[in-house]
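Peer 1: Below you'll find the structure I mean.
The values are calculated or read from the model by the stated rules, or taken from the named source; none is laboratory data. Just so it is clear, the model here is predicted, and its values are computed rather than measured. A quick note on method: Cβ atoms are made from the backbone with ideal geometry, for glycine too, and the neighbour counts reach across all protein chains shown.
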Amino acid sequence: MTALTSTAALRETMGGHFHALGDAAVHKSAPIAWCTSVGPTELLRALGFEVFFPENHAAMLGAARTSQRYMPVVHAQGYSPDICSYLTSDIGAYLTGETPLEAYGLSGVPQADVLVFNTNQCRDVRDWFEWYGRRWNVPVIGVRSPRALEHVTTDDVDGVTKQIEGLIPVLEAVAGARLDHRRLSDVVRASRECSDLWEACLRTAAHRPAPLTFFDGTVHMGPAVVLRGTESANAYYRILRAELEARVGAGTAAIPGEAYRLYWDGMPIWGRLRALSTLFEEFRTAVAASTYCNSWIFPALDPAEPLRSMARAALELFIVRSEQPKERYIEEMVARYDVDGIVFHDCRTCPNNSNTRYGMPRRLADRLGIPTLVLDGDVNDLRCFSDEQARTNIEGFVEQLADARPAATRRVTA
Amino acid sequence: MNYWTGIDCGSWATKAVIIDDDAQLLGSAVVRSGADLSGASARAFASALTVATRARSEISAVWATGFGRGSVGFADGSRTELDCHGRGAAHYVSGALVVLDIGGQDAKVIRLDDGGRRLAHRMNRKCAAGTGSFLDEIALRLGVEPQALDGLARAATEELELSSFCTVFAGTELLTLIRAGKRPSDLASAAYRSLINRVASMDVFPGRVVATGGVIAYHPTLVRMLSEKLGSEIVVPPHPQEMGAFGAALAARDGAAAVGPEATHVRT
Ligand code: SF4
C-alpha cells in the first residue's frame, strides 16, 4: 500500500478535535454534546457545543482491539452480545475506566451536558445514549426517524424538520445561548463544503489505478465525521484532495499492479482493517469504493434552508432507505467505479448496516452480471470473524475473477 | 508422461494425490493433520508417492489447497479449496452443477457454469453446524466412533428430529431423546437429518449436485438422505475425500493462475 503523506495533517486535525474536547471537559470552556454520526451536528456547533461522537470512539476501540476486553463487561450487565458491538465496546470501556483518548491527554471520555441522537441509522444509538443519560443525569434528546424509505417525501422531511426544531429549546437551555440562525447557516455551508470535498476525494478512486482504497477512506474520513461544519475539516480535505489528484496525474496506485477492483458494502471490520487491507493488496485488488465512506456525503445540505436541508440530508442517506433505492445506489457505484465485484460484509451485531439478509447480494449479482461475496464478520466483535474463513472466501473470490478475466490474470502474474 | 501432485491440507486430514497428464489417479494418501501441517503434508506426499510408485524427482509440480495451503512449503502454487473441489468435480461431471463439500470444519457450496467456471460460492458461518465436527460430537454422545453412525442410521425406523443446528443445543436435545428411550439408530439418523437441513439451507440446489469431502466419503446413508431431501440425484465422484487434492493436482497440471504472492514462484 502506497502511504498517503496527508496522514500527518490528518493526525494533527484529529488531535486538534480531541484536544478541544479535552479543554472543554476540563476547563468548562464550552458545553459538550454527544452526537450520532449523522447529526444534527450542525445545530450543535452553531450553538457553541464541542461535539463528541461515540461511534468514532467505538471505532477506535475496535481498531485497537481493546473492545474484546470491554464488551463482556456490558454483556454481564444484561446487554445482549447480539446488539451493536459499538455500544457494548464503548460502555464497557467507560466501565473499565479506559479510553484511547488518553493519547490526546484526556483522562476519560468528555462527559456530556446533553446527548443528541438520530435513530435514522438504528435504535441502538438511542439505547446507547440513554445509558449515559441515566448515569450522568443529563438530557437525552433526538430525532426519531422514519426508516426503510422508498422515497423521501415532503411529509418525511417536514416531520424530521419539526423534530429538529423541537430540540432547539432544550439545547439552548443547556448551552445557555440563543441559536443564531446566521451562524447555523454558516455551519451548514461549511458542512456542505466538507461533504463536497470528501466526495471529490473519494471520486478520485474512479480512476485506474485507484489512488486510494476503502481502507484508506475509513481512516481519512475522520474529519468528515467529527469536524463536519468546521474550517479545519475543510482545510484537511483540500490537502488530501490535492494529494489524490496529484496521484491520479502521476498514475500512482494505492495498490501497485492493480488488477481487480471491488466495491465494499457494510461496516468496516475495525480490528482486521490492516490485515484485510494487506490481504487485498496481496491479490492486487483495490477495494475502490464503499457505501460506508460515501455515507458522509450530504448533497442535500443547503445554507439557505439549514434545518430543512439537515432533515433531508439525514433522510436521504443509504442506511435510511429501502432495498430498491439501496440497490439502485450500489448499481450506480458499480458503474461509476467500474468494479469487478461486490463484497458485502454481514456484520453480526449491526443488521442496520448489513445488506445481506434479504437477498440483495444475489439479486445484484444476477442483475449486474458481476459476482458478489458475503463476508461474515462484525464491526467490533472479533468473535464473529474467522481469519481463515475470510482469507479463503476472499482468495476464492479473486480466483473467480482471475478465471473470468484471464487477461487480467496475466497482468497479475507479470 | 508428466506427473502432478495435489495436497489438500485440511483442518482434520491432509490428503495427497498423484496424477498423470491424463488425470489418472496413480496414488493417494490421507493422514491426520494434527498441529504440524507442514509435517503432515510431507508425510501425505511421501505416502502417495509410494502408492503411485513414483519418485519425488518425477513430479513436475505440487500444488496445495485447503486451509493449511500456506503451510505446504514445498508447493509450487496454491488455489483455494473452493477452486479445487469445483475443479475436481467438474473433471468427473460435465455441465452446470452445484458442488457440495462437507468437510471436518466447514461446508461449502460451489456453483459452476457449464464450462466448469465458478459462478459463486458460499461457506457456512463460523460454527460446527453442518460439518463433520457436528457428527463427531453426536458420535461422542452416543458412545460410538463417527464412522459407526452410518451403520446405525441405516437401521433407523423412526423419524426423529433434532430441531437445533447448534452442536451444543443438539447435544442437549439428544440427551432428552436418550432419556425418552429412543434407539441409537434413530438418533444417528436424526443427527444426519439435522446436518442435511443445515447444508440444504445454505443455497438452492438446482440441477446436478456433486458431493465431496470426508463426511460424504464416510457416511453414504447421509448422502442417500440428502438426495431425498434435495429431490435430486447426488453424484459422488471417486475418492470424494481426496477431491480437493485431486483438483489441486489438476490446477498444477493446467497451470492455473495463482492469485496470491505465491503467483511469483509458480513453476508451470
Ligand atoms: S448503525 Fe450499527 S454499528 Fe452503528 S450504532 Fe447502529 S447498530 Fe451500531
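Peer 1: Out of all the residues in segment A:260-299, which are among the acidic types (Asp, Glu), touching a helix residue (DSSP H, G or I) at 6+ places or on another chain (Cβ under 8 Å) and within 14 Å of chain B (Cβ to nearest Cβ)? Quick ask: steps written out before the conclusion?
Peer 2: In the first step, residues of segment A:260-299 are kept if they are among the acidic types (Asp, Glu); the result is A:265, A:281-282.
Subsequent filtering for residues that are touching a helix residue (DSSP H, G or I) at 6+ places or on another chain (Cβ under 8 Å) retains A:265, A:282.
The answer is A:GLU282, and nothing else.
Peer 1: If I filter segment A:6-14 for residues that are without any contact (Cβ under 8 Å) to a residue 60 or more places away in the chain, closer than 20 Å to A:HIS220 by Cβ and of a type in the set (A, V, I, L, M, F, W, C), do I get at least one hit? Lay out the reasoning, then the answer.
Peer 2: Pass one, segment A:6-14, residues without any contact (Cβ under 8 Å) to a residue 60 or more places away in the chain: A:8, A:11-12.
Filter once more, keeping what is closer than 20 Å to A:HIS220 by Cβ: A:8, A:11-12.
So of that shortlist, the ones also of a type in the set (A, V, I, L, M, F, W, C) come out as A:8.
Yes - at least one qualifying residue is present in segment A:6-14.
Peer 1: Hey, does segment A:382-395 have a residue that's among the aromatic types (Phe, Trp, Tyr) and more than 13 Å from chain B (Cβ to nearest Cβ)?
Peer 2: No: segment A:382-395 contains no residue that is among the aromatic types (Phe, Trp, Tyr) and more than 13 Å from chain B (Cβ to nearest Cβ).
To keep it simple, each residue is scored yes or no on (1) under 21 Å from the mean Cα position of the chain (by Cα); (2) under 30 Å from A:ASP156 (Cβ atoms).
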| site | (1), (2) |
| --- | --- |
| A:PRO40 | yes, yes |
| A:LEU44 | yes, yes |
| A:HIS75 | no, no |
| A:LEU87 | yes, yes |
| A:ALA93 | yes, no |
| A:ALA103 | no, no |
| A:GLY108 | no, no |
| A:GLN111 | no, no |
| A:VAL116 | yes, yes |
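Peer 1: Going by the conditions given, is A:PRO146 buried (at least 20 other Cβ atoms within 10 Å of the Cβ), in contact (Cβ under 8 Å) with a residue 40 or more places away in the chain and touching a Leu at 6+ places or on another chain (Cβ under 9 Å)?
Peer 2: Criteria not met by A:PRO146.
Peer 1: Which of the helices (runs of 4 or more DSSP H) contained wholly in segment A:203-277 include at least 3 residues that are under 29 Å from A:LEU382 (Cβ atoms) and not assigned by TED's automatic domain parsing to the domain that holds A:TYR86?
Peer 2: On the way: elements: A:214-220, A:222-226, A:231-250.
It comes to A:214-220, A:222-226.
Peer 1: Filter segment B:86-107 down to the residues that are at the interface with another protein chain (Cβ under 10 Å from one of its Cβ atoms) and in contact with a Ser or Thr (Cβ under 9 Å, 6 or more places away or on another chain) and list them by number.
Peer 2: Passing the criteria: B:GLN105, B:ASP106.
Peer 1: Further question on the same structure: Does B:GLY68 count as in contact with a helix residue (DSSP H, G or I) (Cβ under 8 Å, 6 or more places away or on another chain) and within 13 Å of another protein chain (Cβ to nearest Cβ)?
Peer 2: Considered against the rule, which asks whether it is in contact with a helix residue (DSSP H, G or I) (Cβ under 8 Å, 6 or more places away or on another chain) and within 13 Å of another protein chain (Cβ to nearest Cβ), B:GLY68 comes out as yes.
Peer 1: Kindly list, by first and then second residue, each pair from a residue in segment A:79-100 that is under 15 Å from A:VAL125 (Cα atoms) to a residue that is more than 9 Å from the ligand (Cβ to nearest atom) and among the small types (Gly, Ala, Ser), limited to pairs with Cβ atoms under 6 Å and residues at least 6 apart or on different chains.
Peer 2: From segment A:79-100, the pairs are A:SER89/A:SER67.
Peer 1: Please work out if A:SER309 is hydroxyl-bearing (Ser, Thr, Tyr) and more than 21 Å from A:ILE370 (Cα to Cα). Spell out how you get there, then give the answer.
Peer 2: Working: hydroxyl-bearing (Ser, Thr, Tyr): yes; more than 21 Å from A:ILE370 (Cα to Cα): yes.
The answer is yes for A:SER309.
Peer 1: Among (1) of a type in the set (Gly, Ala, Ser); (2) in the same structural domain as A:TRP296 (by TED's automatic domain parsing); (3) surrounded by 18 or more Cβ atoms within 10 Å (Cβ to Cβ), where does A:ALA200 come up short?
Peer 2: Condition (3) is where A:ALA200 drops out.
Peer 1: Still on this model: Against the condition surrounded by fewer than 20 Cβ atoms within 10 Å (Cβ to Cβ) and under 14 Å from A:LEU212 (Cα atoms), how does A:ALA275 come out, does it pass?
Peer 2: No; evaluated as a whole, the condition is false for this residue.
Peer 1: Return the total of residues in segment A:265-276 being within 16 Å of the ligand (Cβ to nearest atom) and more than 13 Å from the chain's Cα centre (by Cα). Spell out how you get there, then give the answer.
Peer 2: First pass over segment A:265-276, keeping only residues within 16 Å of the ligand (Cβ to nearest atom): A:265-273.
Cutting the leftovers down to more than 13 Å from the chain's Cα centre (by Cα) gives us A:271-273.
Result for segment A:265-276: 3.
Peer 1: Further, regarding this structure: Among the residues of segment A:149-173, count how many are of a type outside the set (S, T, N, Q) and not in a helix (DSSP H, G or I).
Peer 2: So the count comes out to 4.
Peer 1: Restricting to segment B:48-73, and then to whatever is within 20 Å of the chain's Cα centre (by Cα) and of a type in the set (S, T, N, Q), can you tell me which residue is modelled with the lowest pLDDT?
Peer 2: For segment B:48-73, the residue satisfying everything is B:SER71.
To keep it simple, each residue is scored yes or no on (1) free of Cβ contacts under 8 Å to residues at least 40 places away in the same chain; (2) within 11 Å of another protein chain (Cβ to nearest Cβ).
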position	(1), (2)
A:PRO306	no, no
A:ARG336	no, no
A:ASP340	no, no
A:ARG348	no, yes
A:ARG363	yes, no
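Peer 1: Taking B:ILE138, is it outside any helix (DSSP H, G or I), buried (at least 24 other Cβ atoms within 10 Å of the Cβ) and aliphatic (A, V, I, L, M)?
Peer 2: no
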